[in-house]
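The values are calculated or read from the model by the stated rules, or taken from the named source; none is laboratory data. A quick note: this is a predicted structure, and the numbers were derived from the prediction, not measured. Cβ: placed from backbone, ideal geometry, glycine included. Neighbour counts: every protein chain shown. What goes into the accessible areas is simple: the full protein's heavy atoms, side chains included, and nothing from ligands, DNA or RNA. Shrake-Rupley method; radii C 1.70, N 1.55, O 1.52, S 1.80 Å.
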Amino acid sequence: MTDSYAVIGNPIGHTKSPLIHGRFAQQTAQDLRYTAIEGPLQPEGAFAGVVRSFIAEGGKGLNVTAPFKLQAFALADELSDRARMAGAVNALKFVDGRILAENFDGIGLLRDIAVNLKRPLAGRRVLLLGAGGAARGALLPFVEAGPKELVIANRSVAKAEALVEQVRGQGGPVRACGYDDLAADGAFDLVVNATSASLTGALPPVPATVFQADGLAYELAYGKGLTPFLKVASDAGVRQLADGVGMLVEQAAEAFEWWRGVRPQTRAVIEQLTVPLR
Ligand code: ATR
């Protein structure tokens, strides 16, 4: 019987997940169906009901996107360390009546940066902008990658400090600061915009001095072309710019392997979805 998977979010109209998983299934000759579900925003608890109906109909797994990542976290019977650390869930697997939960966003981002863009973090100075859900997901994989220094900048410095507190003891020099403090910090090898600013066309108030020509500027949002953040980086001379399309496809590949036990190739799918940045 064809196994059933889906992505659940709201809104869900623009999701690329069915296309990505469809390509993965073709490539690996896996017999599966992958659809998109618009999850209910009201009433409270309705999300859990939709997930349980999907399981009852024989569904094997779900990708979870905004605004349901916290509700999926609450619904899980078993959370991976990554999901616990991120405080959010982006993939579910249903096994023997249990709901297993994962978060592949951070590892997908790290793979895209280290493998696809050939920028391993080890020994590098890394600047992470933002301290919300997206930054939290990236934090543990980033720390584990062994950067020389990891600085988390946020408008609300207290939120950045709380993130640093979470990884205290995992090793590595990690610290928090505000945007004003960055002027005295010099240039970074990698600057990652994990704020939600680009979703509204806004710019985190990052000084141009954090960029260097040989560095990488990475925008987590995808498909938006040259966002204000990437434009500032480009104007500061940064030659390598990237958006989150690679992260999107890599987190999908992690979920696919977790569900199906086979690892799909990502390169052709990333190329298909890439929107020019300049
Ligand atoms: P997400 O899940 O996308 O990370 P979130 O948890 O709401 O969303 O977090 C949004 C992040 O973007 C926060 O770090 C927020 O900064 P504050 O915590 O100081 O509010 C950041 N952010 C949003 N708009 C921003 C802007 N215009 N400039 C700088 N940071 C911004």
Cβ pairs under 7 Å, 6+ apart or interchain, first in region 29-51 and free of Cβ contacts under 8 Å to residues at least 60 places away in the same chain, second of a type in the set (Ser, Thr, Tyr) and open to solvent by 30 Å² or more (accessible area, probe 1.4 Å), ordered by first then second residue, are 31/2; 33/2; 36/15
For region 232-246 the number of residues that are assigned to a loop (DSSP other than H, G, I, E, B) and within 14 Å of the ligand (Cβ to nearest atom) is 1
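Condition first: farther than 23 Å from residue 189 by Cα and within 9 Å of the ligand (Cβ to nearest atom). Now tell me which residues in region 159-174 satisfy that. Step through it out loud before you land on a result.
Step one: list which residues in region 159-174 are farther than 23 Å from residue 189 by Cα, which gives 159, 162, 165-166, 169.
Listed by number, the list holds a single entry, 159.
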Restricted to region 97-138 and to residues being of a type in the set (Val, Ile, Thr) and open to solvent by 30 Å² or more (accessible area, probe 1.4 Å), the residue farthest from the ligand (Cβ to nearest atom) is 115
*Just a yes or no: is a residue in region 178-187 more than 14 Å from the ligand (Cβ to nearest atom) and under 22 Å from residue 243 (Cβ atoms)?*
yes
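Here is a yes/no grid of residues against (1) in the same structural domain as residue 114 (by TED's automatic domain parsing); (2) part of a loop (DSSP other than H, G, I, E, B); (3) among the hydroxyl-bearing types (Ser, Thr, Tyr); (4) within 19 Å of the chain's Cα centre (by Cα):
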{"position": "206", "(1), (2), (3), (4)": "yes, yes, no, no"}
{"position": "209", "(1), (2), (3), (4)": "yes, no, yes, no"}
{"position": "212", "(1), (2), (3), (4)": "yes, yes, no, no"}
{"position": "218", "(1), (2), (3), (4)": "yes, no, yes, yes"}
{"position": "222", "(1), (2), (3), (4)": "yes, yes, yes, yes"}
{"position": "230", "(1), (2), (3), (4)": "yes, no, no, yes"}
{"position": "253", "(1), (2), (3), (4)": "no, no, no, yes"}
{"position": "256", "(1), (2), (3), (4)": "no, no, no, yes"}
{"position": "269", "(1), (2), (3), (4)": "no, no, no, yes"}
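Being within 18 Å of the chain's Cα centre (by Cα) and open to solvent by 50 Å² or more (accessible area, probe 1.4 Å): is that true of residue 141 here?
Details: within 18 Å of the chain's Cα centre (by Cα): yes; open to solvent by 50 Å² or more (accessible area, probe 1.4 Å): no.
Taking the combined requirement at face value, the residue does not satisfy it.
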Picking from 181, 112, 105, 189, the residue that is among the charged types (D, E, K, R) and more than 21 Å from the chain's Cα centre (by Cα) would be 181
Is at least one residue of region 41-56 within 23 Å of the chain's Cα centre (by Cα) and either exposed (fewer than 15 other Cβ atoms within 10 Å of the Cβ) or in a loop (DSSP other than H, G, I, E, B) (or both)? yes
**Prompt:** Going by the structure shown, is residue 239 over 20 Å from the mean Cα position of the chain (by Cα) and at pLDDT 95 or above?
**Reply:** yes
Residue 149 being surrounded by 16 or more Cβ atoms within 10 Å (Cβ to Cβ), more than 22 Å from residue 243 (Cα to Cα), in the same structural domain as residue 207 (by TED's automatic domain parsing) and out of contact with any helix residue (DSSP H, G or I) (no Cβ under 6 Å at 6 or more places or on another chain): yes
